[in-house]
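The values are calculated or read from the model by the stated rules, or taken from the named source; none is laboratory data. None of the values given here were measured: they were computed from a predicted structure. As a convention, Cβ positions derive from the backbone with ideal geometry for all residues, glycine included, and neighbour counts pool all protein chains shown. SASA here: full protein model, heavy atoms, side chains in, ligands and nucleic acids out. Shrake-Rupley method; radii C 1.70, N 1.55, O 1.52, S 1.80 Å.
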Amino acid sequence: MNNTWIKSLIGGVIMFGLLYVVSLMMSKAGLFGFGIDDYSSRLLHFIIINIILATSLNLINGYTGQFSIGHAGFMAIGAYASAYFTVTYGTAIETAISGETGGLLSTSIVLLIAVAIGALAAAIAGLIVGIPSLRLKGDYLAIATLGFAEIIRIVILNIDAVGGATGYQVPGYANFLWIGFFAVATVVIIHNIVRSDMGRALISIREDELAAEAMGVNTTRYKVISFVISSAFAGVAGVLFAHYNKFLSTNDFQFIKSFEVIIMIVIGGMGSMTGAILGAIIVTLLPELLRQLPDITVPGLGVVKFADLRLVIFALILILTMIFRPQGLFGNREFGLSWIMRPRTAPEGTEAVGGVEGVPIAEDIKAKHLASEEDEKK
Amino acid sequence: MSEDVQKTDNAKGKYVLKTDRATMQFGGLKAVDGLDLAIEQGEIFGLIGPNGAGKTTVFNILTGVYEPTEGDIFVDDKLINGLKPYQISRLGVSRTFQNIRLFPSMSVLENVVTACHRHANQNMFDAIFRLPKYFRDEEEHKEFALELLEIFGLKKYAETGGTSLPYGKQRRLEIVRALATKPRILLLDEPAAGMNPSEQEDLTDLIREIRDKFDLTILLVEHNMRVVMGVCERIRVVDYGKSIAMGTPDQIKNDPKVIEAYLGD
Ligand SMILES: Nc1ncnc2c1ncn2[C@@H]1O[C@H](COP(=O)(O)OP(=O)(O)OP(=O)(O)O)[C@@H](O)[C@H]1O
Ligand SMILES: [Mg+2]
C-alpha cells in the first residue's frame, strides 16, 4: 500500500518534471538552445487535450460498453460555461487576489475555478442527457447522444451572450503545465476507477448486462455514473481548449469532433487506457504529418500532390486499421512491459479453447477417459 | 395451494422462497402456469421436467429477469414482484445460467471478484485516491474469491481467461461466481450439463458441501437424473409450465405421471 503511494509520488514528480522541461522548451528563449516552435507547441497542446477527451470517452464507450458519440457536446458545455465565467469575472477575481492581472497565482486560481465550473456544468448536462438516453441500447443510444450533442451546440450558437455565430474571445488562462496536469489527473483518475470495484461493475455491464445485474450490479445507476464522469472530463477538456485557444466557435464542436474522439479510442482499442492515449496522439498527429508528404511526378498524371490528399490517406489508414485490427491497436489490453513480454505463440484475439497452455483441455480429456473406464467397470 | 405449502402453512417464515400461483405468459404461451413452490430453509430442492417445461422461466421470474404476469413471489415473506435483478440479488438470491454467462474478457479470478460487488466496502473516492480502505477491500475480495475457487478446484486457473476453460469448469466457475455474492438462496440451472460422469459425481458432493458450509438453500434444475436423485431432498416436476408431481426422489422415480411426461411425447 505504501509502496503504491511512493510509486505514484515518484511517477508524479517525473511526470511534472517532464512537463516542466517541455514547457521551458516552448518558451521564447528555449532550454539550452533547444526549443519547440509554435506550430509544434500548438499541436502538443491539442494532443494533450485530446488525451483527456479520448480517455474519458473510453470510460463510457470502452469500459462500460455504451456507445455514446456526443462527446463534443459536453466539451462545448465545459468550454462555454467556463469561458462565460472567466470573461465576466476573471479580471475582477485576479485583481481581488493580487491587485493586478497576469500573476501566476491569480491566473491559476481563476483557471481552477473555471475547470470546476466547466466540469460541473458538463456533468449536469451528462446527467440530464444520460438518464433518458442510457435506457437505449446500441445504435439508438449512439443516435440519441449524437442528437443531444447537436442540440447543445445549436442552443449555444443562439446565445448571444457567448458570441453566438461570431465566436467568443476568451482569456488565455490555460498554460501548458496546467493542461498537462489535468491530462495526468484524468488518466490517473480513470485508471483508478477502472481498477476498482466500480470499474469491475462497469466492465461487467459491457460484458454481459444480465449477468452483471444478477451479480448485484445496479446497471442503470452505473451506466449513468459512468456517463456523468465521462461528460465531466469532456467538460474539463473544453475548459482547457477554450482558455488555450482563446477563441471559441460552435464550429469547433460539430459532430465531426465527436467522431474524431470516437476514432481515437477505436484506433487505440476500446477499453485500453494506453490505447486511448496512443489513439489521441495518432489522430491528432497523423493528418499533420501527412501535410509533409512530398509531391511526386507520376508519368501521364503529372505532379501528384500527396499533401493535398492527406485526408483521403488518413481515411484510408483508418479503414485499413479497422480491417486488419478491428479490435484496435491494443484491443482491451494495456501497452507496457507485460505486453511487450507476452508469449507470442498464439495469435492475439484468438484465445485457445482450453486456457493459456492448453492444460485444462488435456486434463479434461484424461478425466473423461478415466470416467468412462469407471463406467465400464460398473 | 399445493401439497408442499399445505404441509406447514402455519409455520410462517420457514419458507425462504415461495411462489403463489406464479404465471409467466409469453404471448399465447404460458411458460409457467399457476406454479406454487415453497422451499424451506436449508433444503436442496429439485425442479425437473422435460425440455421447454418452463424451468428456466421459473428462475427468470424468481430473479427478476421477468416480472410474473400473474401470481406472487416471496423471499422470506417479502413480496419481490417487480424488483430488479440486482435488488433481488441483494436480498441474497443468486443464480447460475443454463447458457453460461461468464464475463468473457475477464480472468477466472476477475469473474469471481466482480461478483463481490454486493458486499464491497469501498467507494469511488477510496478507489480514485487509493485510500487504505480500497486496498483492504481488494485484498479481502481476492482472498475470498480464491477460497471459493479452491473449493471448486479452480484456484490453479485463477489467471486464466474464464471463457477459455472447458465447459464443465465454466459451469463450476459460474457457481463460484454466484457464491461470491454471499447468497442465502442459490439457484442452479443445469449445472451438470456438459460435465463428464466423474465431474458430475464431484458436483453432487460439492452441492452438498457448499449448502452446509455456507448455510444455503438450493434450488436445482437439472436433466441429469443421477445428480438430481443423488442430491435433492424434495423434487417438483413440471410439464408445460404446470406442476405434475412433488415428492422425495423415491416417490418421483416411481410416479407414473412423471414417467409419462418424460417418456410420453
Ligand atoms: N422470452 C421468451 N419469450 C417467448 N417465449 C419464451 C421466452 N422464454 C422462454 N420461452 C418459452 O417458454 C417455454 C419454456 O422455456 P424454458 O426455457 O423455461 O424451458 P426449460 O424448462 O428451461 O427447458 P430446458 O430444459 O430446455 O432448458 C419454451 O416454450 C420457451 O420457448
Ligand atoms: Mg432451461
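Among the protein heavy atoms, those of A:I190 account for about 0 Å² of accessible surface (1.4 Å probe, every chain in place).
Remark: for residue pairs B:K84/B:K155; B:K78/B:K182; B:K78/B:K213; B:K155/B:K213, the C-alpha separation exceeds 22 Å in B:K84/B:K155; B:K78/B:K213. A 1.4 Å probe run over the protein assembly as shown, with the rest of the protein chains in place, finds 46 Å² accessible per residue. Amide H to amide H, with H built 1.01 Å from N, B:G46 comes under 5 Å of B:L220, B:E233, B:R234, B:I235, B:R236, counting only residues 5 or more places away or on other chains. Seen against the Cα atoms of chain A and their longest principal axis, helix A:197-207 is set at about 70 degrees. Note on B:162-170: average number of Cβ atoms from other chains within 10 Å of each residue's Cβ is 5.
Across chain B, C-alpha contacts under 8 Å between residues 6 or more apart give a mean separation that, scaled by the residue count, equals a relative contact order of 25 percent. With a 1.4 angstrom probe, the accessible area lost at the B-A interface totals about 3800 Å². Segment A:46-266 gives an Rg/Rh value of 1.00, both radii derived from C-alpha positions and Rh following Kirkwood.
Across peptide B:95-106, the average count of Cβ atoms from other chains found within 10 Å of a residue's Cβ is 4. Just the number, please: carbon plus sulfur as a percent of the accessible area of chain B, 1.4 Å probe, no ligands or DNA/RNA counted. Roughly 49 percent, rounded to a whole number.
Taking every residue in A:194-206 and counting other chain Cβ atoms within 10 Å of its Cβ, the average works out to 6. As a length-normalised measure over Cα pairs under 8 Å and 6 or more apart, the relative contact order of chain A settles at 24 percent.
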